[in-house]
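K.L.:
Sharing a structure, written as structure tokens. Questions coming.
The values are calculated or read from the model by the stated rules, or taken from the named source; none is laboratory data. Treat the numbers as computed from the prediction; the structure is a model and nothing was measured. Cβ placement follows ideal geometry from the backbone for every residue including glycine, while neighbour counts extend to all protein chains displayed.
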Amino acid sequence: MTVEIADIITPGHEGAFKVGTRDPRPSLRELPEVHRRLFEDPVTACLATITPSGHAQLTPVWVNTDGDHLFLNSTAGRDKDRNLRARPDLTLMLLNPKNAYHWLTVYGRVVEVIDENDPERGHLATENIDDLAAKYLGERPYPLRDPAGEIRVRYAVEPRRVVTFGPVN
């Protein structure tokens with residue numbers, strides 16, 4: 001099958017998707033199911049953090065949620081880890097891999113950082129990476145640990161603003 005320019009219906013033309021109305025939502029739980037599914041399905045997100053020089057750093061990440069917070073995971077010492085600790089504001093975009101006109105962007109702030117080696121709460125970082133591996137890889141525990149050793153870090157993100165685009169039903 002070949003696709004020709006005439007076959008593509010771009011936004012604003014007859015037959016294109018319709019943009020629904022947007023209203024503020026008190027939590028991620030209040031999003032329409034079609035948008036919540038972007039968090040439930042194994043959709044790789046794009047995380048934007050700010051570097052010390054003020055530039056954006058973009059990184060593909062796995063994400064899950066409890067409906068109120070987003071949870072990200074990384075290894076201590078990586079650029080995104082240093083960026084999130086020093087400048088906790090972030091942007092996260094989830095793009096439907098089957099429809100580029102269906103996406104969700106969260107503007108948020110890291111409100112909690114838990115290092116895996118924390119004697120009281122470190123198990124939450126380990127459990128989080130294992131949950132993410134189960135979701136994205138279908139394996140538990142997380143199989144891609146650095147054999148030389150690593151400390152996993154869980155970041156709890158409070159959404160401040162959510163923007164959605166695409167189908168609303």
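K.L.:
Do the conditions hold for ARG85, that is, is it modelled with pLDDT of 95 or more and among the charged types (D, E, K, R)?
P.N.:
Spelling it out, ARG85 is indeed modelled with pLDDT of 95 or more and among the charged types (D, E, K, R).
K.L.:
Could you give me the residue pairs with C-beta distances under 7 Å whose first residue belongs to region 115-138 and is in contact (Cβ under 8 Å) with a residue 40 or more places away in the chain, whose second residue is surrounded by fewer than 16 Cβ atoms within 10 Å (Cβ to Cβ) and outside any loop (DSSP other than H, G, I, E, B) wherever it lies, and which are 6+ apart or on separate chains?
P.N.:
Cβ pairs passing all conditions: ALA125/ASP115.
K.L.:
TYR101 is checked against (1) under 25 Å from ARG160 (Cα atoms); (2) under 15 Å from the mean Cα position of the chain (by Cα) and fails just one. What number does that condition carry?
P.N.:
(2)
K.L.:
Go through (1) among the acidic types (Asp, Glu); (2) touching a helix residue (DSSP H, G or I) at 6+ places or on another chain (Cβ under 7 Å); (3) more than 14 Å from TRP62 (Cβ to Cβ) and name the single condition GLU112 misses.
P.N.:
(2)
K.L.:
Which of the residues spanning region 143-165 are surrounded by 19 or more Cβ atoms within 10 Å (Cβ to Cβ) and over 16 Å from the mean Cα position of the chain (by Cα)?
P.N.:
The answer is ARG152, and nothing else.
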